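If you scroll down you'll find the structure; I have some questions about it.
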Amino acid sequence: QVQLVESGGGLVQAGGSLRLSCAASGSIFRVNTMGWYRQGPGKQRELVATITSGGMTYHADSVKGRFTISRDNAKNTVYLQMNSLKPEDTAVYYCNFKALGVEVWGQGTLVTVSS
């Protein structure tokens, strides 16, 4: 079993920055992919960014150049540095873990960007 604990959400003004963290614990297979998804008000959940245990990253076009995903394998933690935040980035952000056909979601952390 893998558990994910997210932190770092909150309220920020447009143009500001936040950093989300997601710590994984439990039976973690060394080769895995972790990522962040988000679900805004009235919207479907969408992929924001992913990073493999080898360090390969993907960022959605909507956040490219503003958000950066990174990870610390020694701490089994993934981060999402969010800069130049926009009101449309307001959403619940969910951490995601995938390995060997197993997929685990975090509980979500709310990010609110005021204009």
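The values are calculated or read from the model by the stated rules, or taken from the named source; none is laboratory data. What you see is a predicted model; the values in this text were computed from it and never measured. FYI the Cβ positions are ideal-geometry reconstructions off the backbone, even for glycines, and counts take in every protein chain you see. With ligands, DNA and RNA removed, areas are computed over all heavy atoms of the protein, side chains included. Shrake-Rupley method; radii C 1.70, N 1.55, O 1.52, S 1.80 Å.
Report, ordered by chain and residue number, the lysines lying within cross-link reach of LYS75, taken as a straight Cα distance under 20 Å and ignoring same-chain residues fewer than 8 apart.
List returned: LYS98.
Can you check what the net charge comes to around SER62, using other residues whose Cβ is under 15 Å from the Cβ of SER62 (Lys, Arg +1; Asp, Glu -1)?
+2
While we're looking at this one, here's another question. What percentage of the solvent-accessible surface of segment 1-83, computed with a 1.4 Å probe over protein heavy atoms, is contributed by carbon and sulfur atoms?
49
While we're looking at this one, here's another question. Could you tally the net charge around TRP105, taking each other residue with its Cβ under 13 Å from the Cβ of TRP105, Lys/Arg +1 and Asp/Glu -1?
Its environment carries a net charge of +1.
Where does the charge balance sit around ALA23 when Lys and Arg score +1, Asp and Glu -1, over other residues with C-beta under 12 Å from its C-beta?
Cβ neighbours under 12 Å give a net charge of 0.
Probe of 1.4 angstrom, ligands and nucleic acids ignored: what's the accessible area per residue over the chain, in square angstrom?
53
Could you calculate the contour length gain from VAL31 to LEU110, that is, 0.36 nm times the residue separation minus the distance between their Cα atoms, to one decimal place in nm?
25.6 nm
Another one. Only bridges whose two residues both fall in the chain count here: according to DSSP, what percent of them are antiparallel, nearest 5?
Restricted to the chain, the bridges split so that about 90 percent are antiparallel.
Could you check the simple spin-label distance between LEU47 and GLN81, using points 7 Å along Cα→Cβ, in nm with one decimal?
2.3
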